[in-house]
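What follows draws every value from the coordinates through simple rules; no lab data is involved. All values reported here derive from a predicted model rather than from experimental measurement. Here the Cβ is made from the backbone with ideal geometry for all residues, glycine too, and neighbour counts use every protein chain on show.
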Amino acid sequence: MTEIIHYQNFIANAFVPSDPSIEVRNPANNQLLARVPEASGEQVEAAIAAARHAQKNWAARPAIERAGYLRKIASKVRDNAERLAHLITAEQGKVLGLARVEVNFTADYLDYMAEWARRLEGEVLTSDRVGENIFLLRKPLGVVAGILPWNFPFFLIARKMAPALVTGNTIVIKPSEETPINCFEFARLVAETDLPPGVFNVVSGTGATVGQRLTRHAGVDLISFTGSVDTGSRIMAAAAPNITKLNLELGGKAPAIVLADADLELAVKAVTASRVINTGQVCNCAERVYVERKVADQFIEQMAASMAATRYGDPLAEGDLDMGPLINQAALDKVAQMVRTATGQGAEVVTGGAVADKGAGFHYQPTVLAGCGSDMAIMRQEIFGPVLPIQIVEDLDEAIALANDSEYGLTSSVYTRSLSAAMRASNELDFGETYINRENFEAMQGFHAGARKSGIGGADGKHGLYEYTHTHVVYIQI
Ligand code: NAD
């Protein structure tokens, strides 16, 4: 029998004995993998206190020294890449190839943010007065609470920790209760470095307990949250009494617009990848398609063939696959219910359309739905599964209007050979990101941010880095 590991919270560089009451299971077969703690109120207090205690000295170090720790951690991540990828696949369900990409991208991200150490800049402003200098300084906020989702759990640690630490903040991370193992393994690697105690801490538990304690706490200076719109909204309410600064990366309902002059082969490949990668559980991937009538039949036929060819199942047991399971039973039930509702409203199942008969895991068939309309829930709500609803449009104007008519505004994509159509769509689509003729994945030097309910603030690049600072303007009259 496999040994069940009991993980412990990581506070001030020590693994603290805790009651391991949360079970973590493999979504591909529902087997128990580990038990992790539900951190107590005292442990959350201790983690925030450790981060507060460490922060001043940490910020006082030269940025290049802080960056050196990020590089050390990146190197340890690379040394353990294969082991970490297997752990991520086991607890999250993504295929091994994607887990490897996630681990390597995480190491690259730590290195990338470390590079900013010599590029952090303030400003010198022109004064209205004789003999006065005005300096705009950028300073760390203090203690960051990083609250993570389960879909890219390992990368999200770095996306929050790296900009926080290089700018002089300290951090307390709460992983998702679905995928905490990789975060504790990351903490083990941190513990092998000489990172000062309290700079990086992990407390595990549910959102209703540990998440709420962190977000209501007056000792937290920034809540950096990635997750659903509903939770984001609850976190805003929890942060309100203390006016705690927020950085919210929330859900998406990315439209993909396929015009009649598109390279259909490319569009089919990219949109399939969008729905298959991580089993469709990606905030920025295509969740609804608007295809121009002239090419609709051809596109739908090719999409159906492409989705039907997806090899899916248990990634660790079955080897080379395109897609694993959904994260849990609730996710499976939600996707199945959304498809049932859509077909009840007149959508046509072109391929898939049912829970897959694959043992105890949470597998859903890769699915294409044609004949969808803009009033259907499947075209308006986040599916977060391998299901693609398609709506036919008459032209680009209609596609843009429908795409913008959404409470989400994270990413969008357009497939066309016309430069003017691409430019017009870029100008008129009201989203944080638009991808033209390419897959929906952002670059670490870009700025990943959503309009409307998709979030407040953003991540990555220079603009993401400065989310972890506040400005301090100093007027010096000489
Ligand atoms: P979720 O909102 O259910 O949970 C995210 C985290 O919030 C978990 O750690 C959870 O424990 C915690 N949480 C739950 N309730 C809380 C509360 N009241 N107070 C504080 N913390 C609380 O989201 P999820 O299901 O883990 O992730 C999927 C969602 O994340 C999708 O909507 C997806 O689009 C979104 N997402 C967005 C991005 C982005 O960059 N915009 C990236 C990845 C995922």
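Here each label is just a point 7 Å from Cα along the line to Cβ, and for Ala443 and Asp375 those points are 4.3 nm apart. Centre-to-centre separation between the Cα atoms of the range 27-52 and those of the range 243-291: 32 Å.
On full extension, the segment bounded by Ala208 and Arg293 gains 25.9 nm, given 0.36 nm per residue less the C-alpha separation. Of all aspartates and glutamates in the structure, those lying under 15 Å Cα to Cα from Lys56, and not within fewer than 8 positions of it along the same chain, are Glu65, Asp221. Pairing the Cα long axis of helix 264-276 with the longest principal axis of the chain, what angle in degrees results, from 0 to 90 and rounded to the nearest 10? Compared with the principal axis, the helix lies near 60 degrees.
The spacing between the range 142-213 and the range 293-340, judged by their C-alpha centroids, is 31 Å.
Treating r as the C-beta distance of Ala14 and Asp230 and R0 as 25 Å, the FRET efficiency rounds to 0.15.
Given a Förster distance of 51 Å, report the FRET efficiency between Arg35 and Ile478 from their Cβ-Cβ distance, rounded to the nearest 0.05. Efficiency computed from Cβ-Cβ geometry: 0.20. Among the listed pairs Lys294/Lys358; Lys76/Lys358; Lys160/Lys453, those whose Cα-Cα separation exceeds 30 Å are Lys294/Lys358; Lys76/Lys358. Taking other residues whose beta carbon is less than 13 angstrom from the beta carbon of Glu192, and scoring Lys, Arg as +1 and Asp, Glu as -1, yields 0.
Taking only the alpha carbons of the range 111-180, we obtain Rg and Dmax values of 17.3, 60 Å in that order.
Remark: spin-label model distance Leu120-Thr341 equals 4.6 nm, labels positioned 7 Å along the Cα→Cβ axis.
Each of Tyr475, Tyr112 was scored by other Cβ atoms within 10 Å of its Cβ. Arranged with the fewest first, they read Tyr475, Tyr112.
For a label point 7 Å from the Cα of Arg78 along Cα→C-beta, name the residues of the range 89-118 whose backbone N is under 17 Å from it. Residues passing the 17 Å test: 100-116.
Report, as a whole number in µm² per second, the diffusion coefficient that Stokes-Einstein gives for the chain at 4 °C and 1.567 mPa s using the Kirkwood radius over alpha carbon pairs. It comes out at roughly 56 µm²/s. Here each label is just a point 7 Å from Cα along the line to Cβ, and for Ile243 and Ser127 those points are 2.8 nm apart. Axis of helix 419-428 versus longest Cα principal axis of the chain: the two differ by about 60°, to the nearest ten degrees.
Fewest neighbouring Cβ atoms within 10 Å first, the residues Asp261, Asp111 line up as Asp261, Asp111. If one takes the longest principal axis of the Cα atoms in the chain, at what angle in degrees, from 0 to 90 and to the nearest 10, does the Cα axis of helix 41-60 lie? The angle comes out near 70 degrees. Here r is the Cβ-Cβ distance between Leu266 and Asp108 and R0 is 35 Å; the resulting FRET efficiency, rounded to 0.05, is 0.85. Less than 15 Å Cβ to Cβ from Tyr312, Lys/Arg counted +1 and Asp/Glu -1: what total charge do the surrounding residues give? Once all neighbours under 15 Å are counted, the net charge is -1.
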